[in-house]
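What follows draws every value from the coordinates through simple rules; no lab data is involved. Since the model is a prediction, treat every value here as computed from it, not as a measurement. Glycine also receives a Cβ, built like all others from the backbone with ideal geometry; neighbour counts cover every protein chain displayed.
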Amino acid sequence: HFGIVMVCSLSIGFSTPPLGENLFVASGISDTPLEEVTAKAMPFALVSTLAVIVIAYVPQIALTLPSLLGY
């Protein structure tokens, strides 16, 4: 469970400023300003943050598939 929460949290960190490496890559590939890419990425970061909160407080959501597989 810790690993799932950590990976989801790191994915948010890679797509939000000030160190959002994914934003720099997207800006470079699309030749658009970093500010525009950041503004369009913020709704996704907000939804991802809410998803991490739900996963952290309701572990059965994230652990359903591993429990079905016998882990």
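Whenever a residue of segment 47-71 is touching a residue at least 40 places away in the same chain (Cβ under 8 Å), it has no partner that is loosely packed, with under 12 Cβ neighbours inside 10 Å and not in a helix (DSSP H, G or I) lying with C-beta atoms less than 6 angstrom away and at least six residues away or across chains. The set of residues in segment 21-71 being aromatic (F, W, Y) and touching a Gly at 6+ places or on another chain (Cβ under 8 Å) is empty. Do the conditions hold for I29, that is, is it among the β-branched types (V, I, T) and in contact (Cβ under 8 Å) with a residue 24 or more places away in the chain? When the stated conditions are applied, I29 does not pass them.
Restricted to segment 18-68, the set of helices (runs of 4 or more DSSP H) holding at least 2 residues that are surrounded by 10 or more Cβ atoms within 10 Å (Cβ to Cβ) and under 15 Å from the mean Cα position of the chain (by Cα) comprises 21-30, 34-57.
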